[in-house]
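The values are calculated or read from the model by the stated rules, or taken from the named source; none is laboratory data. These numbers come from a predicted model, not from an experiment. Backbone-built Cβ (ideal geometry, glycine too); neighbour counts: all protein chains shown.
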Amino acid sequence: MVIVPPEPRPSRAALLNAIAAFREKSREKVRPHDLSARDERFIVRTLPLLGLLYDEYFRCETEFHGELPDGPCLVVGNHNAMTGIPDMFCHMVAFWRRYSPKRLGYGLMHDAPFSFPYAGAWLNAAGAVAASPKNAKSAIDAGAAVLVFPGGDIDSCKPFSRRYQIEFGRRRGFIRTAIREGVPIVPIVSAGAHQSLFIATDGRSIAEALGLPARFRSNVWPIGFALPYGLVFGVPAPHLPPPVKIHTRVLSPIRFHVPPQSEADPDVVETCFEQVRRVMQSTLDDLRSEGRHGLFPRG
């Protein structure tokens, strides 16, 4: 096991350079389907500030129980904390520290964050592209590690009472992609981010009544509490997460020894899906019992 170590506190000059990089990038056009929008220089310039948040605000603990294989792979994570997504931020920093910004990496992301003021351009430059089979294939063909959160909104907006459940719903596209492209899946499981807010209900019935799945690709209408809004009724702009500790475990690659055409076989797809889900749920159960995460972590 390898734990990503903390780094020395960055200099004032490095932090100012990072802020300048964010300011400059915010003026650029967002290109959700363009892999070339990823900007390695932007990542290098902003890492001191991102690393400071990683080490001292979220106190991230990222354990590599397995390494990402050479070449393309799908990194499959559970999702937490609605639109604040501190888990995704922590995964990115850990990846860059472990493998350097030179290693090609992309994250598949819902369309909505690309429209957030400034944030869309920043995420785009960090390697975020719109979630679609075409973009996934393009990134894999480029030899990249591709981060995907199959549960999307139903996983990130699940009620607080189900925060220790892996909830991918009926989404199997990531399995079909892995089989079709012949790439391994690297599970990555984290705990803690879902304590950055309180969601009473994900409001799926409300979302269906409003026609949100068809109109906005949103399956939820969460009701709860988040900073700085207070009461949340629907999916807001990114909330402000308090300093919750994020504990993450990167697992060994899972390879499916089936022919590419098996991606059209529902039974094979479901068997592969359950293999990944079981491993991830077992790991999340372990993280829960260890308790080294959240607002009041143990140890």
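Below are the figures for this structure:
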read-out	value
Test for A136: is it of a type in the set (A, V, I, L, M, F, W, C), surrounded by 22 or more Cβ atoms within 10 Å (Cβ to Cβ), modelled with pLDDT under 95 and part of a helix (DSSP H, G or I)	no
Any hit, the stretch 83-104, residues being acidic (D, E), at negative phi and in contact with a Ser or Thr (Cβ under 9 Å, 6 or more places away or on another chain)	yes
Residue match in the stretch 38-57 (condition: buried (at least 19 other Cβ atoms within 10 Å of the Cβ), touching a residue at least 12 places away in the same chain (Cβ under 8 Å) and part of a loop (DSSP other than H, G, I, E, B))	yes
Search result, residues across the stretch 279-299 that are outside any helix (DSSP H, G or I) and either in contact with a helix residue (DSSP H, G or I) (Cβ under 7 Å, 6 or more places away or on another chain) or within 20 Å of G151 (Cβ to Cβ) (or both)	H293, G294, L295
Residues within the stretch 6-26 that are of a type outside the set (A, V, I, L, M, F, W, C) and touching a residue at least 40 places away in the same chain (Cβ under 8 Å), tallied	6
The stretch 83-124, residues that are modelled with pLDDT of 95 or more, more than 21 Å from K137 (Cα to Cα) and hydroxyl-bearing (S, T, Y)	Y99, S100
Failed item in (1) modelled with pLDDT under 95; (2) within 18 Å of the chain's Cα centre (by Cα), with E28 passing the rest	(2)
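Listed here are the residues, each with its yes/no results for (1) basic (K, R); (2) surrounded by 17 or more Cβ atoms within 10 Å (Cβ to Cβ).
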{"residue": "R97", "(1), (2)": "yes, yes"}
{"residue": "Y106", "(1), (2)": "no, yes"}
{"residue": "H110", "(1), (2)": "no, yes"}
{"residue": "A142", "(1), (2)": "no, no"}
{"residue": "C157", "(1), (2)": "no, yes"}
{"residue": "I166", "(1), (2)": "no, yes"}
{"residue": "V183", "(1), (2)": "no, yes"}
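A quick yes/no check of all residues on (1) basic (K, R); (2) touching a strand residue (DSSP E or B) at 6+ places or on another chain (Cβ under 8 Å); (3) surrounded by fewer than 20 Cβ atoms within 10 Å (Cβ to Cβ); (4) in a loop (DSSP other than H, G, I, E, B):
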| position | (1), (2), (3), (4) |
| --- | --- |
| V220 | no, no, no, yes |
| P241 | no, no, no, yes |
| T248 | no, yes, no, no |
| H257 | no, no, yes, yes |
| S262 | no, no, yes, no |
| T271 | no, no, yes, no |
| R277 | yes, no, yes, no |
